[in-house]
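Trainee: If you scroll down you'll find the structure; I have some questions about it.
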């Protein structure tokens, strides 16, 4: 049987150059597509979830570290401890941040990436415009992080936030993707 424009066989195929697919949607477990449609190997992902309380106005208009994977209070940028950062096991990036609030508020928020206990943020600030959150954790928001939120193996990674009004009982999930 002859197929016009196709070659079909029962062998493993290897290509010396880049391979492009058209009409694909979504990623496989270990394969993804870059912006040009090229098949690329993706890393594994890790999710850090933090629940913290920022109940006073002292947490407004000042950068505060998010506690990584624990329940606690945000720390000021000057007090860097292991509680507020993690050591990267491989190169990777911060992909997205998902968060909810307990109470009804109108708020704007920003997130910043800090590496290696530096007092200055690395990369672009993620600014979230003013929005209204309804209470009882019902207004979940997911933000895609800037493409320059990358880190290297053994970097000490921390994420800070700054709010326009005080919040309480925050839940924040940070999606981290590692390179293979």
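Trainee: For region 131-147, indicate whether the set of residues that are modelled with pLDDT of 90 or more and surrounded by 15 or more Cβ atoms within 10 Å (Cβ to Cβ) is non-empty.
Mentor: Yes.
Trainee: Hey, among the residues in region 148-170 that are within 15 Å of residue 107 (Cα to Cα) and within 17 Å of the chain's Cα centre (by Cα), which one's surrounded by the most Cβ atoms within 10 Å (Cβ to Cβ)?
Mentor: If we take residues in region 148-170 being within 15 Å of residue 107 (Cα to Cα) and within 17 Å of the chain's Cα centre (by Cα), then 161 is surrounded by the most Cβ atoms within 10 Å (Cβ to Cβ).
Trainee: May I pose another question? Counting residues that are on the phi > 0 side of the Ramachandran plot, which strands (runs of 3 or more DSSP E) fully inside region 97-180 reach at least 1? Show your work before the answer.
Mentor: Values: elements: 105-115, 122-133, 141-144, 156-163, 170-178.
Correct list: 122-133.
The values are calculated or read from the model by the stated rules, or taken from the named source; none is laboratory data. For clarity, every value in this text was computed on a predicted model and none was experimentally measured. For neighbour counting, all protein chains shown are included, and Cβ atoms are generated from backbone atoms with ideal geometry for every residue, glycine included.
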